[in-house]
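Here's the structure we're looking at; comments come further down.
The values are calculated or read from the model by the stated rules, or taken from the named source; none is laboratory data. Source: prediction; values computed, not measured. Virtual Cβ from ideal backbone geometry, glycine too; neighbours counted across all protein chains shown.
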Amino acid sequence: MEEFLSSILTSYPVLAPLLFILLRAVPVVVAPLPGVAFDLVGIAVFGWQLGLVLALIGGHLGASVAFFIARQFREPAVKYFVPLQKLHELEEHYSERQKFWTLVAVRFITSPFFDYVSYAAGLTRMPFWTFLLSTFIGVLPFSFIIYYFGGIIFNWGLLYTAFFFIGIALLSALFGKALIKKFL
């Protein structure tokens, strides 16, 4: 899949950044598609710096779409992704400031659950710009690590790159599950 996406992006160099942004948004909106394959493509085609910027834009675009789907269609659209009772408890017991920093913490540790958190946030009374800022603050460190170190390891070979991404996914999944249980 990575080779196919890379060949499409390199075939259309002018449209490649826009295509990558749209492709990177898809796994956020369509849960539970993994976005790691797209990150590998981003590093391979654009390098770690431009790949990081484009991935952040795509991820935030997808997160915004998920947020507004939840905001528009509410519980019937989101009940398959989010434990609603826990979310309502969170909404009632936390201040706006606490919700902001909770979302930052959840985003920081739970990158594999990025899409679920976006849907959950759409059900809260959190303003969109607060959601977007907390998402950026929470996602930036993890994304930087993936792209910077992924770019270095990518030069070592595909096998090392695969082990790196699998290791990152496993670590974040372990921490993410614990954090999701605590807050949601």
Review point. Would it be correct to say that L132 is modelled with pLDDT under 70 and either at negative phi or in a helix (DSSP H, G or I) (or both)?
Key: no
Practice item. Go through segment 1-37 and count every residue that is touching a Gly at 6+ places or on another chain (Cβ under 8 Å) and of a type in the set (F, W, Y). Key: 1
Check your understanding: Of (1) in contact (Cβ under 8 Å) with a residue 60 or more places away in the chain; (2) of a type in the set (G, A, S); (3) in contact with a Phe, Trp or Tyr (Cβ under 6 Å, 6 or more places away or on another chain), A66 satisfies all except one. Which?
Key -> (1)
